[in-house]
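One structure is given below, encoded as structure tokens.
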Amino acid sequence: MWENFIKWRKENDVDNIEKFEFPELDQVKMFYPHGYYKTDREGRPLYIERIGLLDLTKLFQVTTEERLIKYYIQSYELLINKIFPACSKAAGKRIEQTLTILDLKGGSTSMLSKRVYNFIQLASSIGQNYYPEILGKMFIINSPMLFSGIWAVIRPWLDEKTRNKITIVGSKYDQQVLELVDPENLPMFLQGGRSPEDLVISPGPWNVVGGAIAEESKEPEENEEDREKELAELRDAFAGFGLVNAPKPDIEKTQQMKDDLREQENITLATQARMNPQDLGVTPLNTQMDEKDEKD
């Protein structure tokens, strides 16, 4: 599986994906509103998609599926290398997961089309196959009656661990969402107002001035005791997979070993997610889901 993962990264030139230019982003967000917006109570970045406003016909008039795939991969790499470190610095602790909200308000029977299913599958597979464990929690809100049919199709695509991270609610989502997010950290359109630029501005620790994600954000400093403890936990976690069988490293080499093990952890998690190198799925949808199929 490691070979498949490396092959996938090479095929998609992931190491150089930051150089990919996506000038149509503003237009894409007009027909596919999505983006990061502040953080939850734990300091995790809040990722929101307004799926109910998705217009696939117009979306694919301004971009292509191939370019969207590259954009999704670039977004995940940006999340890992810029957004998480910025959130970690602001929270004073390591942040490695997101809270995702999928807003279905405005959706119609067109959401039941095969074309929409294919898009959602495309948008979810990269997150599940190649960036597992990034999703901490997901709420699917404003789910209409017809969503039960959509969920019946989507549910089999997801592994159990992912499904257990998703909570499906109707329009009365306030109480559950506000347990995890401060009211002032929710965009206006989730509070009864209108602010279409909320997801375009992308406010948060990664973007303190607005308009662009900060170039440099570093995680909080760790002392040697914390490094030793985390390294020991990683070694124990990987022992069951036969990935770690080495003596305790010298203190000077602790940080490098920890980085190596974190990379191995990602590999192992990707393996558990049953990677299929032929699936070029994708996106910050982070479609990994908590199986409380709650409805109004």
Legend entry - Pairs of Cα atoms farther than 14 Å apart, the stretch 1-59, %: 71 percent
Legend entry - Whole-percent carbon and sulfur share, accessible surface of the stretch 88-155, 1.4 Å: 55 percent
Inset, instruction - Before anything else, pin down the relative contact order of the stretch 16-101: Cα pairs under 8 Å, at least 6 apart, normalised by residue count, whole percent. - result: 37 percent
Inset, instruction - Provide the gained length on full extension for the span Lys10 to Gln176, in nm with one decimal, where the gain is 0.36 nm per separating residue minus the Cα-Cα distance. - result: 55.7 nm
Legend entry - Percent of Cα-Cα distances greater than 27 Å, calculated over the stretch 22-161: 21 percent
Legend entry - Accessible area in square angstrom per residue, the stretch 59-157, 1.4 angstrom probe: 40 Å²
Inset, instruction - At 1.4 Å probe size, with every protein chain present, just tell me what the per residue accessible area of the stretch 1-51 comes to in Å². - result: 54 Å²
Legend entry - Among Ile101, Leu178, Tyr117 the positive-end extreme of the charge dipole of the stretch 76-183 (Cβ point charges): Tyr117
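Working out 0.36 nm times the residue gap between Lys58 and Met30, then minus their Cα-Cα distance, what length gain in nm do you get to one decimal? Numbers along the way, then the final one.
Details: separation 28, 0.36 × 28 = 10.08 nm, distance 0.92 nm.
Length gained between Lys58 and Met30: 9.2 nm.
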Inset, instruction - Could you bin all the Cα-Cα distances of the stretch 2-101 into 10 Å bins starting at 0 and give me the percent of pairs in each, rounded to whole numbers? - result: 14, 37, 35, 13, 0
Legend entry - Which listed pairs, of Lys93/Lys165; Lys10/Lys58; Lys7/Lys29; Lys29/Lys172; Lys19/Lys161, have C-alpha distances above 29 Å, in listed order: Lys10/Lys58; Lys7/Lys29; Lys19/Lys161
Inset, instruction - Could you check how much of the accessible area of the stretch 1-81 is carbon and sulfur, as a whole percent, using a 1.4 Å probe? - result: 46 percent
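The values are calculated or read from the model by the stated rules, or taken from the named source; none is laboratory data. Since this is a predicted model, take the numbers as computed values, not measurements. Because the Cβ atoms are built from the backbone with ideal geometry, glycine has one as well, and the counts that use them run over all protein chains shown. These area figures cover heavy atoms from the full protein model, side chains too; ligands, DNA and RNA do not enter into them. Shrake-Rupley method; radii C 1.70, N 1.55, O 1.52, S 1.80 Å.
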